[in-house]
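Visitor: Let me give you the structure first, and then I'll get to my questions.
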Amino acid sequence: MINTIKSRTTLRKVGNSKGVLLSKEVLDFLSLEVGSEILISYERNKIILQKAKTKSVKNKLNLKPSTWEDQFKKAIANGDTPDKDFFEGMTNDFDKNW
């Protein structure tokens, strides 16, 4: 059995954009809360909202610095490249005194 909810709302002005408010019933039905990511698709004269599937995390956060070097080497061997150092070449008055 497919569960469906039909409700009616109006398009509202939200800043320079337009928005639709979703009722608590719709939010509960899709298990959505503020900050939830949704997918929007269009089909003929329909707009379809779906809760985005959460991406699974392969590895949990590793808080053991002693293992980081090996993990970096494995990642690079698998073709991952480290990000550039965002702060490379940047200086500030505090650093100049060191």
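The values are calculated or read from the model by the stated rules, or taken from the named source; none is laboratory data. The model shown is predicted, which means the values in this text are computed figures rather than measured ones. Here the Cβ positions follow ideal geometry from the backbone for every residue, glycine too, while neighbour counts run over all protein chains shown.
Visitor: With the structure loaded, tell me whether PRO82 is at pLDDT 85 or above and exposed (fewer than 10 other Cβ atoms within 10 Å of the Cβ) or whether it fails that test.
Guide: Judged against the criteria, PRO82 is not a match.
Visitor: Just checking, how many residues over the range 6-59 are charged (D, E, K, R) and touching a Lys or Arg at 6+ places or on another chain (Cβ under 9 Å)?
Guide: Result for the range 6-59: 3.
Visitor: Now a separate question. Can we say LYS53 is of a type in the set (D, E, K, R), modelled with pLDDT under 85 and within 28 Å of PRO82 (Cβ to Cβ)?
Guide: Taking the combined requirement at face value, the residue does not satisfy it.
Visitor: Right, next: Of all residues in the range 2-51, which are part of a strand (DSSP E or B), more than 20 Å from the chain's Cα centre (by Cα) and of a type in the set (A, V, I, L, M)?
Guide: LEU11, VAL14, VAL20, ILE47, listed by residue number.
Visitor: Against the condition surrounded by 10 or more Cβ atoms within 10 Å (Cβ to Cβ) and modelled with pLDDT of 85 or more, how does LYS73 come out, does it pass?
Guide: Taking the combined requirement at face value, the residue satisfies it.
Visitor: Identify the single condition in (1) modelled with pLDDT under 85; (2) surrounded by 10 or more Cβ atoms within 10 Å (Cβ to Cβ) that THR9 does not satisfy, given that it satisfies every other one.
Guide: (1)
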